[in-house]
Amino acid sequence: MVRGNSNEKNIHLVFTGHEYADGGAHILEVLNRENIKASFFFTGDFYRNNEFAPLISDLKKNGHYLGAHSNKHLLYNDWSADKKLLVTETEFNEDLNLNYAEMKKFGINKSDAPYYLPPYEWNDSTITSWTKKNQLTLINYTKGTLSHADYTTPDDKNYKSTEVIYNSILDYEAKASLNGFLLLSHIGTHPNRTDKFYLELEHLIKALKRNGYQFVSLNEMLD
């Protein structure tokens, strides 16, 4: 599942995390101020990082969706057009179960988090099938904008500045629409990226609200 109802002006905000959480407090503050429920998909490494525990607890307390993003942020498929599989089903299952084991320490059971977002937002039909066998639904972000590129750093060939990312969202909205979009960005980024996209989150939300969009929960978007 990569998009909700394209006939309704609804958007859902998705955040992923593995190593960094520098934007967490700011993002939570903005979401609370704007009365928005978002979803947060974290790796097992993120959940077991003691420094992030207060943030995770605050996200849960404020009613945001907390999900799994693999235990060790595995790359399931190579980057070729064929998406060559890089893990076995056993490796996939073991890694997935370890992710949910860390979540359980925060009182999040598998039944509480039935949607799964693959690491690197990269998978094939086999991964989708294995996810389903675990009684989970694999989801991903809606393509069309550069919101997901906020992890890039200036030394990357594919670096995208916050201005470029921000404009890509509004430009796409003007040309097509963001109806039903799962708009993904990151809860934190490498220190080398000083141009933090999450600092523009409130401006983006207000701009899209002015254009008639509502920000809905993950369950509202996909149920």
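Tell me, rounded to the nearest percent, the portion of alpha carbon pairs in region 83-143 spaced more than 16 Å apart. Of all Cα-Cα distances in region 83-143, 44 percent exceed 16 Å. Shown for the chain: the carbon plus sulfur share of the solvent-accessible area, taken with all protein chains present and a 1.4 angstrom probe, equals 48%. Estimated purely from DSSP H runs of n ≥ 4, each contributing -39500 (n - 2.57), the mean residue ellipticity at 222 nm for the chain is -10500 deg cm²/dmol once divided by its residues.
Label region 1-43 by shape, choosing from rounded, prolate and oblate, from the square roots a ≥ b ≥ c of the eigenvalues of the Cα gyration tensor; if a/c is under 1.5 it is rounded, and otherwise prolate applies when a/b is larger than b/c, oblate when it is not. Note, shape of region 1-43 comes out oblate.
Past 21 Å, Cα to Cα, is the threshold; run K110/K133; K175/K206; K61/K209; K72/K105; K84/K104 against it and keep the listed order. Over 21 Å Cα-Cα: K61/K209; K84/K104. Going by a ≥ b ≥ c, the root eigenvalues of the Cα gyration tensor, does region 131-209 fall in the rounded group (a/c under 1.5), the prolate group (a/b larger than b/c) or the oblate group? Verdict is oblate for region 131-209. DSSP beta bridges fully contained in the chain are about 10 percent antiparallel. Per residue, the solvent-accessible area of the chain (1.4 Å probe, heavy atoms of protein chains only, all protein chains present) comes to 48 Å².
Measuring spread by the Cα atoms of the chain yields a radius of gyration and Dmax of 16.7, 48 Å.
Placing +1 on the Cβ of every Lys and Arg and -1 on the Cβ of every Asp and Glu, with no other charges, gives the chain a dipole of roughly 520 debye about its Cα centre.
Centroid-to-centroid, using Cα positions, region 150-202 and region 77-146 are 23 Å apart.
The values are calculated or read from the model by the stated rules, or taken from the named source; none is laboratory data. None of these values were measured; they are calculated from a predicted model. Here the Cβ is made from the backbone with ideal geometry for all residues, glycine too, and neighbour counts use every protein chain on show. SASA here: full protein model, heavy atoms, side chains in, ligands and nucleic acids out. Shrake-Rupley method; radii C 1.70, N 1.55, O 1.52, S 1.80 Å.
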